[in-house]
Amino acid sequence: MKPYLKIKEVTEPGGLENFSEREKDIFYSLKNPKRRGEWYWARISAKELLSDIYKINQKEIEILNDQNRVPYAKINQKKINISISHRAGLCGCAVSQSSSPVGMDIEKKEEKNISFFEEYLNEEEISMCAKNPNIFSDIWALKEASLKMLGLGLSISAKDVCVNREEILFKGQALEKAKQLNIVKTNFELQTKNDWRIALVWS
């Protein structure tokens, strides 16, 4: 089932009345104003979305990170799979409708130089970008979202996630983790909001 998704623009942080003491400690530990704003609004989007889904008060929802820094939601001791992203003034959260993992990523539409392509993209992806430089943001957002779904982030090579026009395939360490998570088929969707591309990946 397609995950729920909520997107918000990043502005100055507001009140913390719906945050737990642990969440407040994390918020106050962030000294960079930009980082603090992104952290705040990404978690507000998660709390608002989960509050709507489960019909509960936002105070009952806690957004934490596991030992691998993968975010998750905690509601009455129940762990819920979510994914959070923020980029250049936009943030959001995806919530799985099942026990399966989910990944989402936000990227600003932009072009990159060839050295970046060679480090992070495989040959087919580089060829796609050579024909259409604007497609880079789509490919990169789908790679990041896929790695988030796997709970790996950029701890492994981004080349282990292969994006083409019709599907996302895994190899190497990404494939090993997908097998551990019993991920057989990967679904994805791309959305546009002004100058951003939003990728959603789920199994």
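The values are calculated or read from the model by the stated rules, or taken from the named source; none is laboratory data. Computed from a predicted model, the values in this text were never measured in an experiment. Using ideal geometry, Cβ is built from the backbone for each residue, glycine included, and neighbour counts are taken over all protein chains shown.
Scanning segment 142-150 for residues that are touching a helix residue (DSSP H, G or I) at 6+ places or on another chain (Cβ under 6 Å), within 23 Å of residue 9 (Cα to Cα) and buried (at least 19 other Cβ atoms within 10 Å of the Cβ) turns up at least one hit. If you filter segment 64-115 down to residues that are among the basic types (Lys, Arg) and in a strand (DSSP E or B), you find that the one that is surrounded by the most Cβ atoms within 10 Å (Cβ to Cβ) is 87. Can you find, within segment 125-140, the residue that is nearest to the chain's Cα centre (by Cα) among those that are surrounded by 19 or more Cβ atoms within 10 Å (Cβ to Cβ) and not aliphatic (A, V, I, L, M)? Ranking the qualifying residues of segment 125-140, first place goes to 140. If you filter segment 27-52 down to residues that are surrounded by fewer than 16 Cβ atoms within 10 Å (Cβ to Cβ) and assigned to a helix (DSSP H, G or I), you find that the one that is nearest to the chain's Cα centre (by Cα) is 35. Only residues that are without any contact (Cβ under 8 Å) to a residue 24 or more places away in the chain and under 17 Å from the mean Cα position of the chain (by Cα) were counted in segment 158-190, giving 1. The residues of segment 6-34 that are farther than 19 Å from residue 62 by Cα and either of a type in the set (D, E, K, R) or not assigned by TED's automatic domain parsing to the domain that holds residue 56 (or both), listed by number, are 9, 12, 31, 34.
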